[in-house]
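The values are calculated or read from the model by the stated rules, or taken from the named source; none is laboratory data. This one's a predicted model, so the numbers in the text were calculated from it and none came from an experiment. Please note: Cβ atoms are built from the backbone with ideal geometry, for glycine as well, and neighbour counts cover all protein chains shown. What goes into the accessible areas is simple: the full protein's heavy atoms, side chains included, and nothing from ligands, DNA or RNA. Shrake-Rupley method; radii C 1.70, N 1.55, O 1.52, S 1.80 Å.
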Amino acid sequence: MSQASLSHGHGHDHAAHGHVEPQIAARALLKPELVNCESGMFRMLGYGLMLAGVLGLVLTGVIGFGSKEASRQAVAAYHMGFLFCVGLSVGCLGFQMILQQFNAGWSAALRRQAENVAAMVWVCALLFIPIAVNAFIGGDEFKLFSWMSLEHTAGDVLFQKKAAWLNPEFWAVRAAVYFLVWIALSQRLARLSRKQDETGDRWLTAKARRTSSFGLLLFALTTAFASFDWLMSLDYHWFSTMFGVYFFAGSIVSAVAVIILILGLAVGAGKLTGLVTSEHFHDAGKLLFAFIVFWAYVTFSQYFLIWYSNIPEESAFYNLRQIGAWRQVSIFLAFGHFIIPFLFVLFRGTKRNRRLLMLAALWMLAMHALDLFYIVRPVLKSVPLGERLHLDVLGLLGPVCLFLGLVLRKVVSAPLMPLKDPRLHEALEHKNYV
Amino acid sequence: MSNKRSKTIYKTPQGAVVYGVVAEFDTPASLSRAAEKVRDAGYTKWDVYSPFPVHGIEEAMGLPATKLPLLTGLVGLCGAGIGLIFQWWVTAVAYPMVVQGKPFFAWEPWTPVTFEFGVLFTAFCSLLGMLAFNKLPMWYHPLMKKERFLRVSDDRLVICIETSDPKFNIDSARNLLENAGGRHIDLVEE
């Protein structure tokens with residue numbers, strides 16, 4: 001062994017032979033039966049989720065027709081589910097672009113799943129249609145966004161100052177722009193990656209990286225403004241300059257969690273043996289941990305600044321959520337979304353154990369849903385927390401199950417890894433040294 | 001590692017006390033393989049010297065996982081607690097003063113300082129704990145007297161089995177290192 005090949009583990013390639021040998025070794029590991037997922041379990045799970053999703057949507061619609069208040073509550077619950085799907089796909093889009101930008105070698109083992117989830121963002125565009133219908137058709141009393149009802153905003157100076165931005169037409173055009181950007185970016189990245197599976201062209205990686213450079217800028221702007229349009233404007237008097245980051249933080253936690261779950265299920269189904277190991281779960285777990293802390297940091301900072309300045313327009317958001325039963329929800333969110341998972345994922349043993357990490361990921365998905373519930377649901381002041389709770393749950397789970405079912409169909413449609421990614425050998429040999 | 005020390009004292013023909021047996025290696029791979037052999041032979045008082053970190057050497061040497069994270073975590077929690085109690089004492093007990101109508105006892109403004117105290121104590125504990133666990137600073141080491149050993153800071157890797165090891169025997173240690181591919185096997189004086 002020469003000095004050059006010794007330093008292989010340090011990330012340098014001094015000599016050509018130190019580069020080619022591992023690639024051949026990696027290719028020998030990539031057996032078709034391990035990377036192609038025609039697993040019946042995945043298909044069954046996918047169809048089951050889609051069926052549950054359709055059932056949830058139908059039930060939400062049926063219960064929503066019960067009364068005026070129930071219909072607005074149904075739209076709100078559906079809106080949470082829609083935003084959960086947006087968070088998953090957009091979070092995965094941002095995540096894979098960050099990995100591409102950093103040229104992160106280790107990540108080649110799990111990037112394909114981020115591509116799959118992000119590529120399903122077109123489903124979110126379809127899921128948006130009912131919300132657009134709610135905005136344009138139907139009486140004012142059914143509208144989810146109170147700024148869209150004229151009787152609500154009449155004579156409201158604070159609204160008139162914002163009317164240039166907050167009007168339904170411009171709002172719909174912006175939504176179209178967000179979806180166009182997300183669909184274009186995610187489809188391009190997924191296409192480049194799948195094309196590389198066939199051709200093995202290394203330059204496709206460079207193209208993906210170049211797309212990610214300006215893509216990240218577009219991503220940051222579109223997600224921030226989408227969160228202003230779809231979440232912050234629910235209470236149009238309120239504003240928070242951190243809100244875009246808050247939405248991004250929650251979304252990327254759920255994105256990393258869903259990637260862990262997909263890979264964990266694949267490994268559990270006997271796929272990717274020796275390819276995705278506890279080393280990769282360890283790294284995904286570290287990122288999950290980091291984004292949990294990031295969420296807590298952003299959420300606390302937003303609260304802290306508003307608490308300190310104590311301006312009525314700003315503090316109304318937290319005032320509403322610190323009264324009655326919502327206070328308990330706030331405290332539960334602080335513990336459930338931060339303190340408990342922080343203490344659980346902190347330990348090396350949790351991150352390296354597939355089952356424990358999947359448990360943490362599932363928990364974080366539930367907490368992300370609760371986070372959206374906490375942002376959206378208190379807006380319906382006339383419907384107290386706990387009333388028709390089944391409607392909240394069904395409305396949220398309907399679109400989410402449908403979306404995840406479609407994601408699983410996408411997962412089985414291609415190899416579970418970018419087979420000819422030039423960084424794949426680095427990813428497969430990756431180890432976490434102490 | 002066990003704290004048992006050998007009672008036997010080995011001496012060179014000139015009468016100097018022997019510290020241990022050293023052997024040189026050329027590559028991290030051969031060093032790791034030799035370390036595995038020394039580990040499997042059951043030695044406890046020995047060490048590996050290298051100019052750069054060798055990945056995977058912990059397993060090859062059979063070293064137990066470090067306790068430093070546990071210590072750091074506990075000290076960090078203590079630090080956060082001290083930060084919290086300190087702020088409570090200052091703002092609610094020793095010098096209570098109304099600022100912007102905020103309560104004396106409020107967790108919101110205390111969180112950043114509590115966090116910073118935790119980080120400060122964690123950082124100090126990590127550094128000082130690492131030094132203590134590595135027995136640093138170390139002002140003298142018998143190996144430093146050897147001219148050849150200085151190449152360990154350049155291009156040589158060295159294993160040294162110490163005479164204080166309860167299993168130590170000059171001949172068997174020599175043979176072991178020789179069979180493991182060690183070169184320039186030599187005695188080191190205390």
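Summary of computed values
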quantity: Subset of the range B:92-111 that is open to solvent by 50 Å² or more (accessible area, probe 1.4 Å) and assigned to a helix (DSSP H, G or I) - its residue that is nearest to A:Phe294 (Cα to Cα); calculated: B:Trp107
quantity: Failed criterion for A:Asp197 (all others in (1) crowded, with 16+ Cβ neighbours inside 10 Å; (2) in contact with a helix residue (DSSP H, G or I) (Cβ under 8 Å, 6 or more places away or on another chain) hold); calculated: (2)
quantity: Segments classed as helices (runs of 4 or more DSSP H), wholly inside the range A:80-169, with at least 1 members that are under 26 Å from the mean Cα position of the chain (by Cα) and of a type in the set (D, E, K, R); calculated: A:111-119
quantity: Flag for A:Ala427 being more than 14 Å from chain B (Cβ to nearest Cβ) and touching a Cys at 6+ places or on another chain (Cβ under 9 Å); calculated: no
quantity: Condition met for B:Met138 (open to solvent by less than 80 Å² (accessible area, probe 1.4 Å) and under 21 Å from the mean Cα position of the chain (by Cα)); calculated: no
quantity: Unmet requirement for A:Leu346, which otherwise passes all of (1) within 14 Å of chain B (Cβ to nearest Cβ); (2) more than 24 Å from the chain's Cα centre (by Cα); calculated: (2)
quantity: Tabulated pairs, the range B:50-74, first away from every other protein chain (no Cβ under 11 Å), second open to solvent by less than 90 Å² (accessible area, probe 1.4 Å) and polar (S, T, N, Q), C-beta under 8 angstrom, 6+ apart or interchain; calculated: B:Ala60/B:Ser32; B:Thr72/B:Thr122; B:Thr72/B:Ser126
quantity: Long-range neighbours under 6 Å by Cβ, at least six apart or interchain, first residue free of Cβ contacts under 8 Å to residues at least 60 places away in the same chain within the range A:288-316, second part of a helix (DSSP H, G or I) and open to solvent by 50 Å² or more (accessible area, probe 1.4 Å); calculated: A:Ala296/A:Phe338; A:Val298/A:Val245
quantity: Selection from the range A:313-334 of residues that are within 14 Å of chain B (Cβ to nearest Cβ), open to solvent by 70 Å² or more (accessible area, probe 1.4 Å) and either part of a helix (DSSP H, G or I) or touching a strand residue (DSSP E or B) at 6+ places or on another chain (Cβ under 6 Å) (or both); calculated: A:Ile331
quantity: Subset of the range A:237-282 (residues that are more than 18 Å from A:His368 (Cβ to Cβ) and touching a Phe, Trp or Tyr at 6+ places or on another chain (Cβ under 6 Å)); calculated: A:Trp238
quantity: Search result, residues across the range A:89-119 that are open to solvent by 10 Å² or more (accessible area, probe 1.4 Å) and aliphatic (A, V, I, L, M); calculated: A:Ile98, A:Leu99, A:Ala104
quantity: Selection within the range B:135-171 - part of a loop (DSSP other than H, G, I, E, B) and within 24 Å of B:Ala41 (Cα to Cα); calculated: B:Arg156, B:Thr163, B:Ser164, B:Asp165, B:Pro166, B:Lys167, B:Phe168, B:Asn169
quantity: Unmet requirement for A:Val75, which otherwise passes all of (1) open to solvent by 10 Å² or more (accessible area, probe 1.4 Å); (2) more than 24 Å from A:Phe247 (Cβ to Cβ); calculated: (2)
